[in-house]
Amino acid sequence: DDGAIGYWDAPGNHPVFEKSFNFHKKPISALAISPNGKTLAAASEDKTISLWDLTTGKYVGCLAGHTDRIPALAWHPNGKLLVSAGWDTTARVWDASTLEPVILLNTHATQVNAMAFSRDGRWLACADSTHTVHLWDFDKKRTVHKIKVQQAEIRTLAFSPDGKLLACNGDRLIH
């Protein structure tokens, strides 16, 4: 709850860096490591995202723009783009090298709770609190399908390795 992030060598059971990552003063709401393993993105209840260099342990910068909680982060497989889900009805696409917003994906009616990329980066699935999964053609930045799931808050999403199947899980539901 203090906003600190530890980075651990799990098999060795010790911290990788002497100090934890400290930027946020409020609790952390989501974490994601880039596909190449070199950058950590950390979303906070302060409505910002900090980026950290995992080779040096140094702070890279801050992404700001959400106006409400950020419950999920997803790296595009190319490792250059980060997407953040917000309770402000948006999914925001960020350029991780320039720390600038790229585009706002805002066809969601309410809070965006979960998201996942297909392995090839072609599809982005975003679930909102109306029990709807928005399937985005990520290259074209447009919604191609909206999948309505009855009576369940969708909490997690995952694509099959070939990107043809999407699993969703929520309160009282597994599809």
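Things worth noting here:
- Filtering the stretch 36-83 to residues that are outside any loop (DSSP other than H, G, I, E, B), farther than 18 Å from Ile103 by Cα and free of Cβ contacts under 8 Å to residues at least 24 places away in the same chain leaves only Asp53.
- Restricting the stretch 1-20 to residues that are acidic (Asp, Glu) and part of a loop (DSSP other than H, G, I, E, B), the residue that is least open to solvent (accessible area, probe 1.4 Å) is Asp2.
- Counting only residues that are among the polar types (S, T, N, Q), surrounded by 14 or more Cβ atoms within 10 Å (Cβ to Cβ) and assigned to a loop (DSSP other than H, G, I, E, B), the stretch 21-35 holds 1 of them.
- Cross-chain or 6+ apart pairs with Cβ under 7 Å, the stretch 1-27 first and of a type in the set (Lys, Arg), then modelled with pLDDT of 90 or more and open to solvent by less than 70 Å² (accessible area, probe 1.4 Å): Lys25/Asp46; Lys26/Ser44; Lys26/Glu45; Lys26/Asp46
- Restricting the stretch 151-162 to residues that are over 17 Å from Leu73 (Cα atoms) and buried (at least 16 other Cβ atoms within 10 Å of the Cβ) leaves a set whose member that is modelled with the highest pLDDT is Glu153.
- Restricted to the stretch 47-94, and to residues there that are among the polar types (S, T, N, Q) and open to solvent by 30 Å² or more (accessible area, probe 1.4 Å), the residue that is modelled with the lowest pLDDT is Thr89.
Okay, residues lined up against (1) closer than 21 Å to Phe159 by Cα; (2) in contact with an Asp or Glu (Cβ under 6 Å, 6 or more places away or on another chain):
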{"residue": "Gly61", "(1), (2)": "no, no"}
{"residue": "Leu73", "(1), (2)": "yes, no"}
{"residue": "Ile103", "(1), (2)": "no, no"}
{"residue": "His108", "(1), (2)": "yes, yes"}
{"residue": "Val112", "(1), (2)": "yes, yes"}
{"residue": "Phe117", "(1), (2)": "yes, no"}
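The values are calculated or read from the model by the stated rules, or taken from the named source; none is laboratory data. None of the values given here were measured: they were computed from a predicted structure. A quick note on method: Cβ atoms are made from the backbone with ideal geometry, for glycine too, and the neighbour counts reach across all protein chains shown. Note: areas computed on protein heavy atoms with side chains; ligands, DNA, RNA excluded. Shrake-Rupley method; radii C 1.70, N 1.55, O 1.52, S 1.80 Å.
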